[in-house]
Amino acid sequence: MKINAAGLKLVEDSEGFRGRAYRCPAGIWTIGHGHTSMAGPPPVKSGMTMTESQARAVLARDLETFSHGVKSALKRDLTDNQFSALVSFAYNVGLGAFRGSSVLRAVNAGQDELVPRRLAQWSRAGGRTLPGLVKRRHAEALLYLTPEAATLISAILPRFSSAERREMDAARGMIDAPTGTPLRFSTTAWASVTSAAAGIYGAVESALWRLQDFTSVFTIPPRTYVAMTAIVIIGTAAFWIIRERQRHAEDDDV
């Protein structure tokens, strides 16, 4: 497995080129095609400059580092297209985020059909969805799903505008890991609970009133029994929702 020409082109085009060192919004000195000191030599310092040919050589070394990192996290063999897509993704979000992502879990589980959706979840930074990141995740998914025999994949990969590159550059080091909707904001779940509780409340109350006509067992109004029953129902339903969301989080988390 190795990064191929299509993967290299995807990274080069999405990262763009900056010939003079600058601090990204995360405060990291960056140059060339997104090279930082953390990726390896050369260390990036204020005032540093680099030609495009030098930047391509540095990028090639950086991608070797990321290729080793991706390869060490894989539990199965992939095509070069699949591997290249993952290297591009890891180069963008970082190896640490890649190793903990559900993208990698789907890959290692052989669930290739889930990979595009998992990639698409990594399209936000600072709480906003960025068009450049959406396009990059789409390009990575397209490359991942393209059969190895397709030799013209580079020609159909999306191109990135200067504005999209600037947005992605501004998001460097700050891409949001996807998270599920907090339970308190899950309106669908709570609407279902409320509807079910109301239906059961009405049925229980009606039954208790009818039963009271034939017996004097009740020493308190039926509505009190109904209220107690409703509390138990809602508590049980809330517990069920939490358990279900935790179970689904294992399938659809980051």
Exercise for the section: Determine the gain in length on full extension of the stretch residue 162-residue 128; use 0.36 nm per residue of separation and subtract their C-alpha separation, reporting nm with one decimal. Expected result: 10.4 nm
Practice task
With a 10 Å radius around each residue's Cβ, average the other Cβ atoms per peptide and rank 127-134, 23-30, 90-97, highest first.
Solution key: 90-97, 127-134, 23-30
Practice task
Calculate the spin-label point distance for residue 74 paired with residue 60, positioning each point 7 Å from the Cα along the beta-carbon direction, and give it in nanometres.
Solution key: 2.1 nm
Fill in the blank from the handout: Distance in nm between residue 38 and residue 99 label points, each 7 Å along Cα→Cβ, equals 1.3 nm
Handout entry: Two-site FRET efficiency, residue 113 against residue 5, from Cβ-Cβ distance with R₀ of 35 Å, rounded to 0.05
Key = 0.85
Handout entry: For a label point 7 Å along the Cα-to-beta-carbon line of residue 22, residues of the range 38-77 with backbone N under 19 Å
Key = 38, 44-56, 59
Practice task
Give me the lysines in straight-line cross-link reach of residue 9: C-alpha distance below 22 Å, same-chain residues under 8 apart excluded.
Solution key: 71, 135
Handout entry: Two-site label geometry, residue 177 and residue 48: point separation in nm, points 7 Å out along Cα→Cβ
Key = 2.8 nm
Exercise for the section: Compute the Cα gyration tensor for the range 51-156, then decide on rounded, prolate or oblate, letting a ≥ b ≥ c be the square roots of its eigenvalues: rounded whenever a/c is under 1.5, prolate when a/b is larger than b/c in the other cases, and oblate in all that remain. Expected result: rounded
Handout entry: Nearby lysines by direct alpha-carbon distance to residue 75 (threshold 20 angstrom, same-chain neighbours under 8 apart not counted)
Key = 2
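None of the figures in this text is laboratory data; all of them are computed from the coordinates on show. Note that the structure is predicted; figures quoted are calculated from it, not measured. Positions of Cβ are backbone-derived with ideal geometry, glycine not excepted, and every protein chain shown enters the neighbour counts.
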